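Worksheet: one structure, shown below.
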Amino acid sequence: MGLPQRFILILLSIYLYSASVVNTQQEFKIQSVKLIIEPRNDVTAGTNVTLRCQATVSTSTEKGPIREYTILKNDKIVYTKTIGSSEDFVYQLHNARVFSTGLYQCKLDIQGDTKLSKAQRLNVQGLSQPDLHLEMNVVNEGEEVQATCIAPGEIGSFIFFFFDNDEQMSRVEGLSNQAKTTFRLSSGGIHKIHCSYKIRTAEDTFPSTKSNNVTVSVKELSITPVLKISPDSTIYEGDHLNISCSAQNFHSSSEGYKLFLSQGTKLLRTGNSTINHNMVAVPKVSEALTFDCRVEMRNVEKYTKKTISVVELFSVPSLTMFPTEIFQGEIMTLTCNSERFASQRINREDLEYTLYPSKNLPSSGKPGVFNVKALQNDFNYTCSAEAKGIKKDSKTLMIRPKVHVSALKISIEDKVILKKSITILCQSNGSLPINYTLFKDNVQVGTKVIRERNRQAVFMDVINKPGEIQYRCEAKNSLHSNKTGSSQHLSVNVIVPLSLMTLTVIPTPLGISEGEDLRFICSVNGTGPVTFKWYRTGSVVPLQTNTTTETYSSFLIKPVSKNDSDKYYCEASNGANKVRSENVDVQVKVDRAEVSVWSKRKPETESDDEISKMSNEPNVEYTEVVHARSTDPDRVPLRKGTDTVYSELQNSPHGAADPPDYGSVEYAELNREQFEISQYHPQVHSYQDLPEPVD
């Protein structure tokens, strides 16, 4: 057979084999896996428990596939086995114990396809009673004893406990069901020993019952500690004490012992025979003195204690100062004193007092009393009392000298306006707290206490009368001294708000002829300085501004023309308020008759100073004024010719609204028409919110 034919036969054989393999491949499906605990889920310790895995698997052939079963406890693998049959898989727990308690599951794996059963809980209850064994039942005090505790049949993680008459002596942990320990019984007599154990699982800890009691007889050592303290009568602070510690009834020559002498937690001496210790009796605060004598042999300790009371020779001194409040540079008295002392041993004169630091201290002549000058800064003092070699120190006394008030200042924040509230501020330097008192014209207004640094004392006041007012502040920060700080007097002038504004126009505003002079006179009630401003209506720029200490002022248009016909008004302000007059309608006539005037009048003046000078003439003047006929039909007509009216003009000594005198007697003759020289007194309006025209 040639090579090609042989190659073809080989390929055919491979094909037939592959086909047979494919035809023999088995198909399957795991339908369910179930875990059953037999005989039941809750059993007592020692019961044989069966964990049965039941699986339902559908296959394409009669022979089932290879199955791998796994038992899990608390998600950890316990056992794995592979079987080829479809029978139930069984896992035995022989003589189940508490340690077997847990959550179990069964897992089936067929060629990588797995299914897990639902979890089933097994509860095993009851632990076996522990068994205790001792090497010896009769021992000497301090001798070692070995004990063994066994948990029969139990498995798991153990904690063993050993007890002497219900008092725990030791604890042993491990995975073995038995534990050994060694202990010493330090007191003579009969001791009952027992043990117990606990088993720990992943979820809980289960305790056992007590073991059997084993009786041990302990022979007590005959050695006894002896503690002696002298003197044995009343002991005073400073007395010399002798303390001895020894052992009695010791008969064994082959064994040694050791002695320990202590005072409280302080070890005073050790030795192998009698111990002696000398000391001075010094009591602890609110405590007696306790001494301890111990003897140790074979790891056995025996001890005795004694407590003695020590009478205090004198009490710890206290350091006080007087006065309790002190200022820099002042002399204070420091007193060091022990209130109590043992009169059976010392007299009060036996106590010597010392002050620290003790440099440059003036003597007061009394024991424990020192005169000290307060420093500029904080300082600490202590003192001591001493008698019979006993010295006691006081607590530290910190002295913080205060600073007297100084640099007292007073100020007012607001303008001082009649019947308006004002704020007065007082402030000074010095130690807190500071008491401030405000005076107005030497009458107390109020008091304030300032307890924070950089704070001012704030007072509120209302002035109800015009004129000059004086304020001043006083400050004090000492309780035992009359030393105070006082500010300078603060004089304030009360601003009286403006009122009763009068606008006078000369001549009459409705009868002025072109070419004549027209004067506006504004006067108010109130206090100056007053700023007067005159405006044409519709303009925010004043025609004239004048500030004067008087309560009146005038504005002159010289001469008037037709273009001056308009409405005019006046404003006045003095820092307290602003008032405005009514509008005055001025009409200038162009065509008028010839005017002849005979007059014995002074030259016209432009300044308020000259007006003021003219007002110094006699207080009562008479001015002859010619009134024009009234054009008002409701008024009674004046007769033809000249009607002369005498008007009394008085200068107000208080800045009243009366206009100044501008001539002694004037007479105006107008050919057939008479014009009235009148005063115009419109209603005055006081206002604060009107815009102030720009000068």
- Message: For region 443-454, give me each residue that is modelled with pLDDT under 90 and touching a strand residue (DSSP E or B) at 6+ places or on another chain (Cβ under 9 Å).
- Response: Asn454
- Item | Matching entry among Thr549, Thr545 (being without any contact (Cβ under 8 Å) to a residue 24 or more places away in the chain and in contact with a Pro (Cβ under 9 Å, 6 or more places away or on another chain)) | Thr549
- Query: Residues in region 474-491: is at least one modelled with pLDDT of 90 or more, within 50 Å of the chain's Cα centre (by Cα) and under 30 Å from Asn583 (Cβ atoms)?
  - Reply: no
- Item | Pair list, Cβ under 7 Å, 6 or more apart: region 20-49 residue under 15 Å from Ser100 (Cα atoms) and among the hydroxyl-bearing types (Ser, Thr, Tyr), other residue part of a strand (DSSP E or B) and modelled with pLDDT of 95 or more | none
- Message: Condition first: surrounded by 11 or more Cβ atoms within 10 Å (Cβ to Cβ) and either in contact with a Cys (Cβ under 8 Å, 6 or more places away or on another chain) or free of Cβ contacts under 8 Å to residues at least 12 places away in the same chain (or both). Now tell me which residues in region 75-100 satisfy that.
- Response: Glu87, Asp88, Phe89, Val90, Tyr91
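Looking for whichever is modelled with pLDDT of 95 or more and outside any loop (DSSP other than H, G, I, E, B) here; the options are Ser217, Ser196. Which one fits?
Working: Ser217 fails: modelled with pLDDT of 95 or more.
Going through Ser217, Ser196 in turn, just one is modelled with pLDDT of 95 or more and outside any loop (DSSP other than H, G, I, E, B): Ser196.
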- Query: In region 550-571, is there at least one residue being outside any loop (DSSP other than H, G, I, E, B), on the phi < 0 side of the Ramachandran plot and under 60 Å from the mean Cα position of the chain (by Cα)?
  - Reply: yes
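Residue-wise test of (1) modelled with pLDDT of 90 or more; (2) in contact with a Phe, Trp or Tyr (Cβ under 8 Å, 6 or more places away or on another chain).
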| residue | (1), (2) |
| --- | --- |
| Arg348 | yes, yes |
| Glu352 | yes, no |
| Tyr356 | yes, yes |
| Leu361 | no, yes |
| Gly365 | no, no |
| Gly368 | yes, yes |
| Ser384 | yes, yes |
| Lys392 | yes, yes |
- Note on the structure: Among residues of region 134-158 being hydrophobic (A, V, I, L, M, F, W, C) and open to solvent by less than 10 Å² (accessible area, probe 1.4 Å), the residue farthest from His191 (Cα to Cα) is Phe158
- Task: Take region 398-421 and flag every residue that is closer than 12 Å to Ala475 by Cα and part of a strand (DSSP E or B).
- Result: Ser406, Ala407, Leu408, Lys409, Ile410
- Query: Does Thr508 satisfy being in a strand (DSSP E or B), open to solvent by less than 50 Å² (accessible area, probe 1.4 Å) and closer than 19 Å to Phe555 by Cα?
  - Reply: no
- Filtering region 214-238 for residues that are free of Cβ contacts under 8 Å to residues at least 60 places away in the same chain and out of contact with any Asp or Glu (no Cβ under 9 Å at 6 or more places or on another chain) leaves a count of 5
- Taking region 166-193 as the region of interest, how many residues are part of a strand (DSSP E or B), open to solvent by 70 Å² or more (accessible area, probe 1.4 Å) and within 27 Å of Ser217 (Cβ to Cβ)? 9
- Task: Would you please name the residue that is most open to solvent (accessible area, probe 1.4 Å), looking only at residues in region 101-127 that are among the small types (Gly, Ala, Ser) and out of contact with any Lys or Arg (no Cβ under 8 Å at 6 or more places or on another chain)?
- Result: Gly112
- Message: Among the residues in region 333-352, are any within 43 Å of the chain's Cα centre (by Cα), of a type in the set (Asp, Glu) and open to solvent by 50 Å² or more (accessible area, probe 1.4 Å)?
- Response: yes
- Message: Anything in region 47-72 that is under 30 Å from Ser208 (Cβ atoms) and either in contact with a helix residue (DSSP H, G or I) (Cβ under 8 Å, 6 or more places away or on another chain) or small (Gly, Ala, Ser) (or both)? List them, or say none.
- Response: Val49
- Any residue at all in region 514-530 that is at negative phi, in contact (Cβ under 8 Å) with a residue 60 or more places away in the chain, within 60 Å of the chain's Cα centre (by Cα) and part of a strand (DSSP E or B)? yes
- Do we have Glu173 as touching a strand residue (DSSP E or B) at 6+ places or on another chain (Cβ under 9 Å) and at negative phi here? yes
- Message: So Glu330 passes all but one of these: (1) open to solvent by 60 Å² or more (accessible area, probe 1.4 Å); (2) at negative phi; (3) not hydroxyl-bearing (Ser, Thr, Tyr). Which condition number does it fail?
- Response: (1)
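Could you check, for region 458-480, whether at least one of its residues is free of Cβ contacts under 8 Å to residues at least 12 places away in the same chain and assigned to a loop (DSSP other than H, G, I, E, B)? It would help to see each step written out before you state the result.
Pass one, region 458-480, residues free of Cβ contacts under 8 Å to residues at least 12 places away in the same chain: none.
Within region 458-480 (the criterion being free of Cβ contacts under 8 Å to residues at least 12 places away in the same chain and assigned to a loop (DSSP other than H, G, I, E, B)), the answer is no, since none of the residues qualifies.
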- Residue by residue through region 420-435, note down the ones that are without any contact (Cβ under 8 Å) to a residue 60 or more places away in the chain and open to solvent by 30 Å² or more (accessible area, probe 1.4 Å). Ser421, Gln427, Asn429, Leu432, Pro433, Asn435
- Task: Working only within region 481-505, note down all residues that are of a type outside the set (A, V, I, L, M, F, W, C), in a loop (DSSP other than H, G, I, E, B) and open to solvent by less than 60 Å² (accessible area, probe 1.4 Å).
- Result: Ser481, Ser487, Pro497
- Item | Contacts under 8 angstrom Cβ, first residue in region 368-386 being open to solvent by 70 Å² or more (accessible area, probe 1.4 Å), partner among the basic types (Lys, Arg) and not in a strand (DSSP E or B), 6 or more apart | Asp378/Arg400
- Query: Within region 438-448, is even one residue outside any strand (DSSP E or B) and surrounded by 15 or more Cβ atoms within 10 Å (Cβ to Cβ)?
  - Reply: no
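The values are calculated or read from the model by the stated rules, or taken from the named source; none is laboratory data. Treat the numbers as computed from the prediction; the structure is a model and nothing was measured. With ideal geometry, Cβ positions are generated from the backbone for all residues, glycine too; neighbour counts draw on all protein chains shown. Side chains included, ligands, DNA and RNA excluded: accessible areas come from the protein's heavy atoms. Shrake-Rupley method; radii C 1.70, N 1.55, O 1.52, S 1.80 Å.
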